[in-house]
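Peer 1: Sharing a structure with you now.
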Amino acid sequence: MREIKASQIIDKVKELFLKANYHIDPDLLKLLQKTLEEETSPIGKYVLKMIIENNKIASREELPICQDTGLAVLFIELGQEVRITDGDFAEAINQGVKEAYQEGYLRKSVVDDPVFERKNTKTNTPAIIYTDIVPGDKIKFLVMPKGFGSENMSTLGMLKPADGPEGIVNFIVETVKKAGPNPCPPTIIGVGIGGTADRAMVIAKKAITRKIGEPNKSEKYAIMEKEILKRINNLGIGPAGLGGNISCLAVHIDYLPTHIAGLPVAVNVCCHAARHAEGIL
Amino acid sequence: MKEATKIATPLNEEKVIQLKAGDLVNITGYIYAARDAAHKRLFELIQKGQKLSIELKGQIIFYAGPTPTKPGYSCGSVGPTTSYRMDPYTPTLLNKGLKGMIGKGLRSPEVIESMKKNRAVYFGAIGGTAALISKSIRKSEVVAYEDLRAEAIYRFYVKDFLAIVVIDSSGYNLYETEPPKYSK
């Protein structure tokens, strides 16, 4: 067994949430710069320039890229040979989130009761934590501060197996079309196909964090990603929804085995910042 | 794009009707920042006929809740939140004299009708450019509902705040007119 102290978890989670909120993924920044050359709409070009400028300022001065510093989502791979000492795993994660948000000038956007009181918890906790137990003696953290302008545009379709690839593509494109300017386009679209209703959405969210634009390992799914991306960009939504040919930066699909009766399709929409950071203990 | 039109707050009907969808504007003066929970409170007070903690006449509300201010800065990162969530409350506020809104995203037909009737304008700021926008906020203070924390009402003094007229007081709407030009 390898011992990892709760305090190490706190520090790592804090470090990663600060990083994700201040520093844009360099690959994403490169892609934004490339799209600036491809965009033909004058307003679209203007918007992309502002987005790029914002990302540079945020990184240089360590300011949050967006005022919506998100709900704290974590995907954790916990090695089964790890023993956590001096504290509780979930508490340590929440403590790390709390410290990042309180000390890093990040906005606290969590309310306790979703319907009645809606009182701010003042710490941006509780975090949303997904843990997979994996072989090994390390803990891998993938953190994702998820803003709700884009989260609100997400959809779940419990399609019929007969709907097939065409039905899936149509459902995803329709979701993005309806969302229009709301989720801060150009977007990154995470898609989860298969599993159960709940699992499909989890893998859709995680798919957003894949290396930007890297195609699916399966050729069939890679072709589907390409087609969806093309069809979304053909909608003309454009940067900030003000018209243009860059509406979406990438479509990332992940898939899982599913039931004979089902074809769950989850679409998790993400803004152009797609904030996330990874680290290992 | 054309050069930005300079406008000073507060607004009035004369200033508003000159603004056309597609205009880039450069705003200087005081504006308020308010979002979901603050809108609900303002709406409920108006419905009960009670006095509001801020004067709406001629004002601009920026749909936003900033991050905490870092030492040495005048405001935290602040950009627009998605506007449609304020739609149920907006016509009531427009009837009380609100002249401008800064946000991002679609508005309901009821809001657009009310904007035409009340002569008001909807500006789009670019979502996800909060660090950049914060540079145009020269002063920031909470003026109401501090208990709402991130959703309190702020009063900002802005200088050269850039926005785009997305829906003008005639109801001309860039979200409807622009994307079809680029759709294939």
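Peer 1: If you take the accessible area of A alone, add that of B alone, and subtract the area of the pair, what total do you get in Å², probe 1.4 Å, to the nearest 100?
Peer 2: 3700 Å²
Peer 1: Here is a further query. Based on DSSP, what percent of beta bridges with both residues in chain B are antiparallel, to the nearest 5?
Peer 2: 60 percent
Peer 1: If you don't mind, there's one more thing I want to ask. Arrange the residues A:62, A:117 by how much accessible surface each exposes, largest first, with a 1.4 angstrom probe.
Peer 2: The ranking, largest first, comes out as A:117, A:62.
Peer 1: Output the relative contact order of region B:5-182, whole-number percent, from Cα pairs under 8 angstrom with separation of 6+ residues.
Peer 2: 31 percent
Peer 1: Past the 18 Å Cα-Cα mark, which pairs from A:34/A:146; A:177/A:230; B:139/B:159; A:34/B:135; A:19/A:146?
Peer 2: As for pairs spanning more than 18 Å Cα to Cα, those are A:34/A:146; A:34/B:135.
Peer 1: What fraction of the DSSP beta bridges in the protein assembly as shown is antiparallel, stated in percent and rounded to the nearest 5?
Peer 2: 55 percent
Peer 1: What's the local net charge at residue A:245, with K and R +1, D and E -1, over the other residues with C-beta under 14 Å away?
Peer 2: Net of charged neighbours comes to +2.
Peer 1: Same structure again: Using Cα atoms only, what is the angle between the long axis of helix A:6-22 and the major principal axis of chain A, expressed in degrees (0 to 90) to the nearest 10?
Peer 2: 30 degrees
Peer 1: Same structure again: Which peptide among A:223-233, A:106-116 comes first, and what is the full order, when sorted by highest mean count of other Cβ atoms within 10 Å?
Peer 2: Ranked by mean Cβ neighbours within 10 Å, highest first: A:223-233, A:106-116.
Peer 1: Still on this structure, I have one more. Of the accessible area of the protein assembly as shown, with the probe set at 1.4 angstrom, what percent is carbon plus sulfur?
Peer 2: Here it works out to 52 percent.
The values are calculated or read from the model by the stated rules, or taken from the named source; none is laboratory data. These figures come from a predicted structure and were not determined experimentally. Please note: Cβ atoms are built from the backbone with ideal geometry, for glycine as well, and neighbour counts cover all protein chains shown. SASA here: full protein model, heavy atoms, side chains in, ligands and nucleic acids out. Shrake-Rupley method; radii C 1.70, N 1.55, O 1.52, S 1.80 Å.
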